[in-house]
Every structure is written in C-alpha cells, then in structure tokens.
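Worksheet: one structure, shown below.
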Amino acid sequence: MGEEYMRGNGAAGEEVEKVVREEVWRRAALSLYTTRTEDKRRSRGKKKRGEIHYRGLHDAVTEINWDFTRFAAHALSVVPDEVYPRFYRFIDSDARKYLLLSDDNRPREGSAVTELRGRLQAIVDATEDGLRAERHGRHWRVYVPRENWYVVVSKPARWVVRIPLKGFWTESEFPRVLVNTPSDVLRSLQRGWLLTDVTPPHEGYPYVSFGTTQAWQLPSTLAAFPSDDVRLGVTAGILGSTRLSLQWGVSIYGYEEELGWASGLIGEVKRAEFRRLVEECKELNGDSVALATAFLGDGELEYFLRLRWLYFRVGHEHVYLPTESAVFNARVAVERASEYVAFVGKVTRCAKVRHILFVAYGAPGKRGRKPGQKVGSYQELGLYAPVAGALLNLVMVAVGGKYAYIYARIPVDSAPQGWYQRAVEEGWTVKVVRSRVKSRAHTTREMLYYEIPQSSLFEHAAEDATLWEALYRFAVAKAQAKPVARKLVEELLRIKPAGAQE
C-alpha cells in the first residue's frame, strides 16, 4: 500500500509531493522545539492518555549521553582491569564527548549535534512551501533552498525522514574485552553479526562496517570485532513518526584477510545463508552461538516476550524456532558464550539478551523494560537463585523489625518442562502456592508459583558455591535498605561453602 502511494503520478503525485514536504517540515519543527513529556493521568484501567509526545533532538542526545554513562559504569564489573581504560576512552571520550557533547554536557561546536540542529533549522526556516520534492524510484528527495544537501524520504510502512550529515568521524580502538572466550566461539559470534547487521570486507571496502540508531549495539557488536583501528561517526539524523534518532556508522579495520571467507555475504546470498542457519538450528544441528548474535541483529522481540520462542526477520520473511529447539539453542549459546552474554547483558542491559536467558532457563521477571523505567524489584537487577537448571526469583519478607526470611519462586507457567520432578529428585523442598497479582488493567488475578523455602535454599547453599553467592548478593543488597536483613547475611556467612566468594 505504501509503495503504491509513493508511485503516484499526475494529480495523485502532486498530492503525495505536498504530503512529503509537509511531513518533512513538521518533523523538523517537532525535533527542534518539542521535548518528551508524559501524562500520568489514567482513564479507569485504560492506557495513559497523551502518553508520549514527539521525542526531539534534545531528548535524543540526553538519552544517548545517559546510555554511554551507564555503559562505562556497568563495564567495571565485567571488563578486565587491564583493558578498561581503553574501553572507557572509546565510550566516554571518542563517542560521547567528541561526537556529541563536550565536558560540560553541552553540544560541542562542530559536532554532529550542532550540524544536525543547523539543518533542522534550515528546513523549518524554509517552511513547507519553500521546500522542493522530487521522486526518485521508491523514495523522495526534498531540497532546501540555498543548501547543497537534500533530505531522503521513504515509506516502507510509515514515513521515514533521513537528514544526512557530512559525517563526523573519529579514529579510535576497541580492546578485546572477551579475554576468556575461545577463538572458535568468537568466530561464531562474528558469523551471526555478519549474517544480519554487519557488512564484511568486500571488493573496494577493506573493512567491516555497520550502521545503527541504537546505542546499545555499538559495544555489543564491537565486542565481537575488537580492533586497534576503528572509525566511529554520526552519519545522519532519522526523523521517525514518534522520535528523532541519530544514526551511527562504524568501520573496523584489520579483518580483510581473516574474514575473506565472508566477502560474498551480500544481499540475497546473505539472506539465504541466514535462513540456512535458522533452519539448521531448528533441527538442532546448527551454530547456536551464531544464532544468538543473529537474534541480537534481526531477532524480533515486540510481541513475543512471554513466549519461549525465537523469532527472526529474514528479508520480508518471518521465521521462528519453537520452544524445544529455541530452549536447546539458547542454552548452548549461553553456556559456550557466557562471557559475551555477561558483557552484553550487564553493560548494555539489552532486552534481547534478557529474552535469550528467559528462553534458555525460564528466568522470571518483566522482560523488555524500557530505558529509564523504574526498577520495581531486585529480580530485575539479575538476582536469581539457580535451582535445578532454572533461575528462580528471590524474595525477602521482613516481619516487623525482628527478623526476615528469603524464599525463591517461579510461576508454574514459566517453569521449564519437567522442572518440578527434577527439583524433587535433587532433594529440593517445593511448594505450590497461590498469589494474587495486579494486571496492567488494575484488576487482580491468582497465579500459581513453585516456591522454595529458606530452609531448603540454605541447605543446598551450604554445598553449592554458586547458589550461596547468589543468596549472599541478594541479602547484602537488601541489608542496605533494610537493616533487619543483616541477620540473613550473618547466617549465610556461617554456612559459606569452600570456593564461594563474597
């Protein structure tokens, strides 16, 4: 439908041209002058009214700045000390300060932000009647008076407005943060990215390249392609229907010989190879690690957060792995590429990695939390208890100011198949309890949970260092807010098993 609309001729073509000019001017004005606002008024169980207005340039840069700050802080726990200064320099100096903001968090003169702001202002000053639009195949070019650049407008589903920038690039390096990952696992990680969002070195282009409008993808992709010669830049401003985004461009040198085998993975050849990878994994004989990074690239997440399936978009085709093969491949990927999963999960808090963990182990919790959304419980900070092959949510209950106790639970519907029988065989005490929970519509309903009491948790923790460490982290975190939990910390220290670390 959108394509037919774009190909309008005669009177229809003039109508489309007018819509294009008006849409470019409207979005440029929104990007310059509006900010993201939120109306928290509710309408009797319905969605928020006026939930989000257009997110303009100011809010886009603020969010990216906050993302980079989080990346640098979270990396302290997973990036080796000897390479962390180089990682920090890439994130904080090269990406954040040079390309976007100065030391005082204001746009640096000559940065990509100032150029984009100037081009948005030129579009607004020209008004919709002063712009000129021409159709070129499946897209439109919109020209601004007295400017030597043009805006590209397309409509795959909704209007997308792309304002190109001259390209503010900086030379940098991205260290090898996966120091304990074997070379064959690293090649599998690279393969998954090469079949989706990353373009390999090929004729005339001696570098690995990719572009993205999502800040989390910069460290997530570069972790699989460490290099001493990386070019990073901001290439365009993308004006979508609800928000402005910055498009990043990355060129990675040093892989021309190493990735020579991938030089033909372009266009339809890449899509066919991607489809073959998914089909092989569906039959349980494919590269599970490559499938995991392919899911980060072209996996679909919007509608499938509560299904233990993996969905992919291969060109215009949608393919999926049902529960059995999805769980198998996700577990193999997490076990073989555990260092990479920990890096991406902890540094970027990527929702797709959280979904892979959910598929693999049935980890409870609200997946797909939006950036900046309030963390409602310690479960969303990754504090789980490993019990019989599944990750159970830890809960603490304080009884007045006298004592507190811990238990672990998982919804019956989210537990892996056969988990109850396995837990009982391993000697766990498992209760089935009912709990009333609130839905988004503010109605209450009953849910069934499998629950492990504190006595059983502590009994196994006395012999299991991994479980003990999980319980200890949880108790320490709770004790910071509720002093009554300090007794739990003391009790755990008394049963600390050999090899466990505080």
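The values are calculated or read from the model by the stated rules, or taken from the named source; none is laboratory data. Just so it is clear, the model here is predicted, and its values are computed rather than measured. Ideal geometry is used to build each Cβ from the backbone, glycine not excepted, and the neighbour counts take in all protein chains shown.
Structure notes:
- Filtered by the rule that a residue be surrounded by 16 or more Cβ atoms within 10 Å (Cβ to Cβ) and outside any helix (DSSP H, G or I), the stretch 66-82 gives Val78, Val79.
- Selection of the stretch 53-65 for residues being assigned to a helix (DSSP H, G or I) and hydroxyl-bearing (Ser, Thr, Tyr) yields only Thr62.
- Filter pass, Val198 being under 23 Å from the mean Cα position of the chain (by Cα) and under 18 Å from Thr212 (Cα atoms): yes
- Unique residue being under 26 Å from Arg354 (Cα atoms) and part of a strand (DSSP E or B) when the list is Arg473, Arg422, Arg436: Arg436
- Test for Arg162: is it surrounded by 13 or more Cβ atoms within 10 Å (Cβ to Cβ), assigned to a helix (DSSP H, G or I) and in the same structural domain as Arg243 (by TED's automatic domain parsing): no
- The residue pairs whose first member lies in the stretch 167-193 and is under 18 Å from Ser251 (Cα atoms) and surrounded by fewer than 20 Cβ atoms within 10 Å (Cβ to Cβ), whose second member is modelled with pLDDT of 90 or more and among the basic types (Lys, Arg), and whose beta carbons are closer than 8 Å, counting only pairs six or more residues apart or on different chains, are Trp169/Arg231; Thr170/Arg231; Glu171/Arg231; Glu173/Arg86.
- None of Leu239, Leu232, Leu222, Leu246 is under 25 Å from Glu63 (Cβ atoms), of a type in the set (A, V, I, L, M, F, W, C) and in contact with a Phe, Trp or Tyr (Cβ under 6 Å, 6 or more places away or on another chain) except Leu222.
- Filter result for Arg21 (exposed (fewer than 14 other Cβ atoms within 10 Å of the Cβ) and either at pLDDT 90 or above or touching a His at 6+ places or on another chain (Cβ under 9 Å) (or both)): no
Quick grid of which residues meet (1) in contact (Cβ under 8 Å) with a residue 12 or more places away in the chain; (2) small (Gly, Ala, Ser):
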residue	(1), (2)
Gly315	yes, yes
Val319	yes, no
Glu324	no, no
Ala337	yes, yes
Val341	yes, no
Leu357	yes, no
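- Top-ranked residue in the stretch 442-465 [being surrounded by fewer than 13 Cβ atoms within 10 Å (Cβ to Cβ) and among the polar types (S, T, N, Q); ranked as nearest to Leu392 (Cα to Cα)]: Ser455
- Screening Arg243, Arg276, Arg231, Arg313 for residues that are outside the structural domain of Val152 (by TED's automatic domain parsing) and under 24 Å from the mean Cα position of the chain (by Cα) leaves exactly one candidate, Arg313.
- Apart from one condition, Val208 fits all of (1) buried (at least 19 other Cβ atoms within 10 Å of the Cβ); (2) under 30 Å from Leu120 (Cβ atoms); (3) touching a Leu at 6+ places or on another chain (Cβ under 8 Å); the exception is (2).
- Residue, surrounded by the most Cβ atoms within 10 Å (Cβ to Cβ), within the stretch 132-145, restricted to residues that are at pLDDT 90 or above and closer than 29 Å to Trp169 by Cα: Trp140
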